Amino acid sequence: MLIVPTYLEKSDIHGFGVFAKDHIPKGTKVWEFHPVFDIRISPEEFAKLPPSSQQEIEIHMYEPELGGDLYYETTMGKYMNHSREPNVDFSIVYEGWATRDILAGEELTCDYRHFMADVSHIPYI
């Protein structure tokens, strides 16, 4: 879940994005896994969901290990867009850190390859 003040806004990158409400200094922890807001779903549990539910949530799911559990974030962090030059680093899968100063009003971005085992289904990566 996001642990810095943010807001959701139309993004120039894709659809909606997450934007900083305030200045975020380089090195600030921006996101951390929280078991209440970041739901862990086994592949078997996901397969049992109705197809309409699967379609609704799968666009915002991530799979750190191929064939492993899936994760769905319930907060607006799920709207963080991809960038090859992100301002939030998720090299540690369950934590996100500001890679540089992020200005108030600036979109937070991440590199999906840091926390997704397979990104082949995402055409713009």
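Here are some notes:
- As a length-normalised measure over Cα pairs under 8 Å and 6 or more apart, the relative contact order of the range 1-54 settles at 34 percent.
- Rounded to the nearest 5, the antiparallel percentage of DSSP beta bridges internal to the chain is 90%.
- Most positive-pole-ward Cα, His121, Ile57, Thr6, against dipole of the chain from beta carbon charges: Thr6
- Charge sum, other residues only, whose C-beta stays under 15 Å from Glu9's C-beta, Lys/Arg counted +1 and Asp/Glu -1: -1
- Once backbone amide H atoms are built at 1.01 Å from N, Glu9 has Gly17, Phe19 as its partners under 5 Å, excluding neighbours fewer than 5 places away on the same chain.
- Database remark: amide H of Ile3 closer than 5 angstrom to the amide H of Trp31, Glu32 (H placed geometrically; neighbours at sequence offset of 5 or more, or on other chains; Pro and chain starts carry no H).
- A quarter of the convex hull surface defined by the alpha-carbon atoms of the range 1-78 gives 6.4 nm² as the mean projection.
- Its DSSP H runs of at least 4 residues, each contributing -39,500 (n - 2.57), put the calculated 222 nm mean residue ellipticity of the chain at -3000 deg cm²/dmol, to the nearest 500.
- Share of carbon and sulfur in the accessible heavy-atom surface of the chain [1.4 Å probe, %]: 55 percent
- Percent RCO, i.e. relative contact order, over the chain, from Cα pairs under 8 Å lying at least 6 residues apart: 33 percent
- In terms of the mean number of neighbouring beta-carbon atoms within 10 Å, the peptides 37-47, 67-77 order highest first as 67-77, 37-47.
- Backbone HN-Hα couplings from phi across the range 58-75 [Karplus 6.51/-1.76/1.60, Hz, Gly and Pro as x]: 5, 5, 10, 8, 9, 10, x, 10, 3, x, x, 5, 9, 10, 10, 8, 8, 8
- Taking only the Cα atoms of the range 32-71, the ratio Rg/Rh comes out at 0.95, with Rh defined as the Kirkwood radius.
- In order through the range 104-109: 3J(HN,Hα) via Karplus (6.51 cos²θ - 1.76 cosθ + 1.60), integer Hz, x for Gly, Pro: 4, x, 8, 6, 7, 10
- Residue-normalised accessible area of the chain, given per residue in Å² at a 1.4 Å probe: 58 Å²
- In order through the range 112-125: 3J(HN,Hα) via Karplus (6.51 cos²θ - 1.76 cosθ + 1.60), integer Hz, x for Gly, Pro: 4, 5, 6, 10, 10, 5, 9, 10, 5, 7, 9, x, 8, 9
The values are calculated or read from the model by the stated rules, or taken from the named source; none is laboratory data. The structure presented is a predicted model; accordingly, all values stated were derived computationally and were not measured. Positions of Cβ are generated from backbone atoms using ideal geometry, with glycine treated the same way; all protein chains shown enter the neighbour counts. Ligands, DNA and RNA are stripped out before the accessible areas are found, and what is left, the full protein with its side chains, is counted by its heavy atoms. Shrake-Rupley method; radii C 1.70, N 1.55, O 1.52, S 1.80 Å.
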